[in-house]
1. Pairs of Cα atoms under 8 Å, at least six residues apart: use those to get the relative contact order of the stretch 148-270, whole percent.
2. Taking H as built 1.01 Å from N, whose amide H comes closer than 5 Å to the amide H of Cys427, not counting residues under 5 places away?
3. DSSP loop chymotrypsin sites (Phe, Trp or Tyr not before Pro) in the stretch 122-151 with at most 12 other Cβ atoms within 10 Å of their Cβ, which ones?
4. Let me know the shape class of the stretch 242-299, please: from the alpha-carbon gyration tensor, a ≥ b ≥ c as square roots of the eigenvalues, rounded when a/c is under 1.5, otherwise prolate if a/b is greater than b/c, or oblate.
5. So what is the relative contact order of the stretch 148-190, in percent, for Cα pairs below 8 Å that sit 6 or more residues apart?
6. HN-Hα J couplings of the stretch 81-97 from phi, Karplus 6.51/-1.76/1.60, θ = phi - 60°, integer Hz, Gly and Pro as x?
7. Roughly speaking, what is the stretch gain from Ala431 to Asp136, that is 0.36 nm per residue apart minus the C-alpha to C-alpha distance, in nm to one decimal?
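Computed from the coordinates by the stated procedures, all read-outs in this text should not be read as laboratory data. Nothing here was measured: the structure is a model prediction, and the numbers come from that model. Positions of Cβ are backbone-derived with ideal geometry, glycine not excepted, and every protein chain shown enters the neighbour counts.
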Amino acid sequence: MGKPRPGRAEWLASGHTERPRLFQNLLLFLWALLNCSLGVSAQGPGEWTPWVSWTRCSSSCGRGVSVRSRRCLRLPGEEPCWGDSHEYRLCQLPDCPPGAVPFRDLQCALYNGRPVLGTQKTYQWVPFHGAPNQCDLNCLAEGHAFYHSFGRVLDGTACSPGAQGVCVAGRCLSAGCDGLLGSGALEDRCGRCGGANDSCLFVQRVFRDAGAFAGYWNVTLIPEGARHVRVAHRSRNHLALMGGDGRYVLNGDWTVSPPGTYEAAGTHVVYTRDTGPQETLQAAGPTSHDLLLQVLLQEPNPGIEFEFWLPRERYSPFQARVQALGWPLRQPQPRGVEPQPPAAPAVTPARTPTLAPDPCPPCPDTRGRAHRLLHYCGSDFVFQARVLGRHRQAQETRYEVRIQLIYKNRSPLRAREYVWAPGHCPCPMLAPYRDYLMAVQRLVSPDGTQDQLLLPHAGYARPWSPAEDSRIRLTARRCPS
């Protein structure tokens, strides 16, 4: 056996090994052609041609339908194209002039005076809407007790008087937010057609701040671009809404507006008031400019819930404005002269309860932020109240108080409550006819026969002042969640 010749080896290494590959590709091509000719199914569907232009609207006024189509191109054995060959959209035209004959009436009138039902009798026809298929041209013979179906109505005919849907190819379809009939496309809470609520943020809060006197108190700013606004509360207070020009939309100037729909900031505001009492404000939006939500205070504020959706790009400016304004802003509009403190009740000395005659020892020092934070976060109730009277009973002191403003509550409170403090000399001692901020606990006996509000010894009870009010609000934000 001789050695391979150098020329032979060079010829194999110089790329001529591609000839077998070309031969294999040729065999694969012939195999594909053979499969197509034998009807073997190919993989995947066919392809659509581009959509043709939309046709003219089916109506000259009011609502109508426009259609466009496309064709499916597929090789033998390919699956049909996925999707629809026709799309229909709703075209909104100027309203028809007064007295114009409705589209369905015109179609029924085409058969007036024509023989039907295999006889030579003729009738005058008007639409009949009681038939099962509302997209059939069901017409009632005037003066007779029967109707006749003349087939399908023309595309673009309203399914029924006042309905939003229109008939297309014998089916009643409604337009999605994309304008296409039957698409089912909906706007998300951000107003984006077919969106996923990811282009806006949800603002939801409860306003519990308010003052101790009657008047208007700011609740929140409803910024421009807000959607799906909802405000609700249950009390004898009244919600008020002010426009960007400083004029009230409703419940302004100490006047209660009737329930109804109001125009404000480019949207409709629906105002309802129940006998509950419950008030609500709702607006679809988007608002075209800022609105100021206020409450006309007549009793302690139990909490006002408000929510709206805001575009992401508007959220940071909204937060910055709220922080710059220092919400809740207090711009009360008192009505006349503020009511004076009630006079001390006239009681006879024989019925006046007395405290211990011995001087009480000094109370421990309860000043400082740590003390305020400890009692606020560990309490069940924090409120501003006016002491109406005190009475020593057994080994406790009972205070009758009138609740004026609630900062924190884990269960409902009445307008007047009793607050109990241990001992004849409670610390701190509360003076009648003064306002206090106090943190109390709820004490329920094991058998459930006693349910008391307890002011602990050396607890938090400080005379109300604007400065102490600000401190307690700041403390509320620092409690561990």
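1. 9
2. For Cys427, whose amide H was placed from the backbone, the distant partners under 5 Å are Ala458.
3. Phe146
4. Because a/c hits 1.5 or more and a/b fails to exceed b/c, the stretch 242-299 counts as oblate.
5. Details: 53 pairs, mean separation 9.6, N = 43.
Result for the stretch 148-190 is 22 percent.
6. Once θ is set to phi - 60°, the couplings for the stretch 81-97 become 5, 8, x, 9, 8, 9, 10, 10, 10, 7, 10, 9, 10, x, 4, 5, x Hz.
7. Value of the extension gain: 97.9 nm.
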